Amino acid sequence: MSAALRFERAAVRLGGRVVWSGVDLEVEQGEFVAVLGPNGAGKSTLLKALLGLVPLSHGAVSVFGHPVGRGNADVGYLPQRRRFDPDLRIRAVDLVRLGLDGARWGLSLPSAAKQRRVAEIIELVGATPYQDRAIGELSGGEQQRVLLAQALVSGARMLMLDEPLDSLDLNNQQAISELIRGICKSQGVTVLLVAHDVNPILPFIDRVVYVAGGHVPCGLPDEVITTDTLTRLYGAPVEVLRASDGRLVVVGQYEPVSHHADGH
Amino acid sequence: MFGGLLQFHFMQNAYLAGTLVALLAGAAGYFVVLRGQTFAAHMLSQVGFPGAAAAVLAHVSPVLGLIAFCVAAALGIGWIGRGLEPGHRAESAAVGSILAFSLGLGLLFFRLYAGSAQAMYAFLFGSILGIADRDVLVTLAVAVAALIVLAWVGRPLVFASVDPDVAEARGVPVRLLSVGFLVVMALSVAITVQIVGTLLIFALLVAPGAAALQLTPRPLLGLGLSVALALVFTWLGLALAYFSDFPVGFFITTLAFGAYLAVRGLKAVRAWA
Ligand SMILES: Nc1ncnc2c1ncn2[C@@H]1O[C@H](COP(=O)(O)OP(=O)(O)O)[C@@H](O)[C@H]1O
Ligand SMILES: [Mg+2]
């Protein structure tokens, strides 16, 4: 049985600089994987390599046993972004629909089956109450739910989520993390979620992939989320504590340390 | 009273060309506003001015000069702005540079042009008098071709406009579409200039789309509304100009501005109530 995704001795070079190299990584179907690391380390680049948006300079990468490429309906993508422009006048439901047939040329007849599929997936993420409102008017948490639906609607078996919890308040971070965990486990969807704050997702993840210093090690949360490892990876003092209920909590100066003017 | 409206050949031509213009400007305008490219539309229209003047100097249909200059400018912006999001600041800078150059050219052609100032005036502010049979034919060909292209690329174009990163990952050729749409915009501008002139292009290429997007966030309905508004502005504007002897550009811009104000007012009242 082949892994959901696999990197073999992979490297990416951008603007003449090696972002990361020697990456060997395998993720099984249905795993919820957190991608952590300081700003500018190459987390977004890792997802883009999996989407075929950024070419490898060395090695190989495959998704569900096939070479990667654009337009793969098996893979849903939620890019790192600022919020939608408040003036963007298109309904949430239209945005989800674009995830289904937005790449198709030409005219199409109205399709009840497609409408049903869109409604179903919007229901799954809990966005039904505001599906007819303009996307720009929605709150950050509501927008993330709509975008999740958009990423899932084509029947994706893998989700690449680039900092979906960014700019959300704590309650929403918690709620969206739980929702993603639920989708991952109930639908058997493999999830790669990039985050720079570990705490809100710690209770939900199966594995941690670390992008730092040009390398991409990975491990179980208990192995990676330790004071020593995190301090080394972030290059800043970080402390991992165990709360009385057994949960891990990360504290310290691990907020984005950027070595570049604009590392997004 | 309206019986006399179409009794002269020049008015028949104005209505024929005006209807085609409104169909394309309304449809393209919806995307212009959705993509936040109103400045590019403005710039393309100004580039049209020297194009039309050059065509008159060369004794060919001014629409052909408009098309040549506008499309060249569109490809220019597309080339300079490659790799940038639509409406990006660097694109604005590129657009601004081309704009200044084209106005300089326009000045030169204006100086070289020995005929009456009436034709130049028409290019700047529009006219109901100046549309010849050959212009109607060119307008028909351009409008039909551009509308077919828009219908074909409409859905991926909406995707690329509202969500370029995801669209690209899903296999939409975002950059190619961006240049392609600039060319469609250039064609729309080129034929629209005949009716409202280069300085008043916003009235047909931006105002209907802007009003429609304020009225509804539904893409198909918005597109339809934008076309309907452009048609109403044009038909009414031409009729008012014919019966009053005041310039058509004044009436169409006034109708467009009035409609936009009404829509904003309606929204404000709704939000307040
Ligand atoms: N198109 C590009 N050209 C050159 N360098 C790039 C490009 N995109 C990203 N980079 C650089 O690659 C590095 C990794 O970027 P990214 O993957 O966005 O980091 P992260 O998502 O971890 O913050 C950064 O140093 C960034 O400046
Ligand atoms: Mg990133």
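So what J values fall out for the stretch A:89-100 if you push phi through Karplus, 6.51 cos²θ - 1.76 cosθ + 1.60 with θ = phi - 60°, rounded to Hz, Gly and Pro as x?
9, 8, 5, 4, 5, 5, 5, 5, 4, 4, x, 8
In whole Å, what three semi-axes, largest first, describe the equivalent ellipsoid of the stretch A:111-264 built from its Cα gyration tensor (square root of 5 times each eigenvalue)? The partial results should precede the final answer.
Numbers: eigenvalues 204, 56, 46 Å².
Over the Cα atoms of the stretch A:111-264, the ellipsoid semi-axes are 32, 17, 15 Å.
Between B:Ala228 and A:Asp74, what's the calculated FRET efficiency when r is the beta-carbon distance and R0 is 35 Å? Round to 0.05. Kindly include the intermediate steps, with their values, before the conclusion.
Details: r = 41 Å, r/R0 = 1.17.
The value I calculate is 0.30.
List the residues, sorted by chain then number, that are 5 or more residues from A:Gly40 or on another chain and whose placed amide H is less than 5 Å from its amide H.
none
For the stretch A:110-264, give the share of DSSP beta bridges that are antiparallel, in percent and rounded to the nearest 5; count only bridges with both residues there. Intermediate values should be presented prior to the final figure.
On the way: 8 of 13 bridges.
Approximately 60 percent, going by the DSSP bridge assignments.
Percent of Cα-Cα pairs more than 20 Å apart in the stretch A:1-104, please. Numbers along the way, then the final one.
Details: 2609 of 5356 pairs.
It works out to 49 percent of all Cα pairs.
Can you give the FRET efficiency for B:Leu129 and A:Arg104, using 1/(1 + (r/R0)^6), R0 = 60 Å, r = Cβ-Cβ distance, to the nearest 0.05?
0.85
Rounding to the nearest 20 debye, state how big the charge dipole of the stretch A:61-153 is about its Cα centre with +1 on each Lys and Arg Cβ and -1 on each Asp and Glu Cβ. Mind showing how you got there, number by number?
Working: 13 positive and 10 negative charges, 31 e Å.
So the dipole magnitude of the stretch A:61-153 works out to roughly 140 debye.
Which of the three applies to chain A, rounded, prolate or oblate, going by the alpha-carbon gyration tensor with a ≥ b ≥ c and a/c under 1.5 meaning rounded?
On the way: a/c = 1.72, a/b = 1.37, b/c = 1.26.
It is prolate, given that a/c is not under 1.5 and a/b is the larger ratio.
With a 10 Å cut-off between alpha carbons and a GNM built on chain A, which of A:Arg91, A:Arg104, A:Arg117 moves the most?
A:Arg104
So for chain B, considering every pair of alpha-carbon atoms, how many percent are separated by more than 23 Å? Display every interim value, and only then the final one.
Numbers: 18806 of 37128 pairs.
Tail of the P(r) past 23 Å holds 51 percent of the pairs.
Counting only DSSP beta bridges with both residues in chain A, tell me the antiparallel percent, nearest 5. List each step's numbers first, then the result.
Numbers: 23 of 40 bridges.
Around 60 percent of the beta bridges assigned by DSSP in chain A are antiparallel ones.
Please state the relative contact order of chain B as a whole percent: Cα pairs under 8 Å, 6+ residues apart?
Worked out over chain B, it gives 32 percent.
Could you check how many percent of all C-alpha pairs in the stretch A:15-56 are farther apart than 12 Å? Spell out each step's value before the answer.
Values: 600 of 861 pairs.
Counting pairs separated by more than 12 Å, the tail of P(r) holds 70 percent.
Just to check, using Stokes-Einstein with a Kirkwood Rh over alpha carbon pairs, what's the diffusion coefficient of the protein assembly as shown at 10 °C and 1.306 mPa s in µm²/s? Can you show the working numbers first?
Numbers: Rh = 25.7 Å.
Here the translational diffusion coefficient equals 62 µm²/s.
Can you tell me which of A:Gln115, A:Gln131, A:Gln143 moves the most in a GNM of chain A? Springs connect C-alpha atoms under 10 Å apart.
The residue with the greatest mean-square fluctuation here is A:Gln115.
Rg and Dmax in Å for the stretch A:85-155, alpha carbons only: what are they?
Considering the stretch A:85-155 through its Cα atoms, Rg and Dmax are 11.7, 33 Å.
B:Ser226: net charge of surrounding residues, Cβ under 13 Å, Lys/Arg +1, Asp/Glu -1, itself excluded? Don't skip to the answer; put the middle values down first.
Numbers: positive: A:Arg89, B:Arg218; negative: none.
Combined, the nearby Lys, Arg, Asp and Glu give +2.
Using only Cα atoms, locate the centre of the stretch B:125-150 and the centre of the stretch A:12-72, then give the distance between them in Å, rounded to an integer.
Cα centres, the stretch B:125-150 to the stretch A:12-72: 50 Å.
Under a 10 Å cutoff between Cα atoms, tell me which one of B:Ala190, B:Ala72, B:Ala262 has the largest fluctuation in the Gaussian network model of chain B.
Residue with maximal mean-square fluctuation among B:Ala190, B:Ala72, B:Ala262: B:Ala262.
Give me the one-decimal nm value for the distance between modelled label points at A:Arg247 and B:Phe8, 7 Å along each residue's Cα-to-Cβ direction.
8.0
Just want to confirm a number: the relative contact order over the stretch B:103-190, from Cα pairs under 8 angstrom separated by 6+ residues, in percent. Provide the component values of the computation, followed by the final result.
Details: 22 pairs, mean separation 19.4, N = 88.
Contact order relative to length: 22 percent.
For the pair A:Ala119/B:Val60, report the inter-label distance in nm, with labels modelled 7 Å from Cα in the Cβ direction.
Label at A:Ala119, label at B:Val60, 5.5 nm between them.
Straight-line reach from A:Lys48: which lysines have a Cα under 26 Å away, not including same-chain ones fewer than 8 places off?
Qualifying lysines at Cα under 26 Å: A:Lys185.
Every read-out reported here was derived from the displayed coordinates using simple, explicitly stated rules and does not represent laboratory data. Since we're looking at a predicted model, the values are computed, not measured. All Cβ positions, glycine included, derive from the backbone under ideal geometry; neighbour counts span all protein chains shown.
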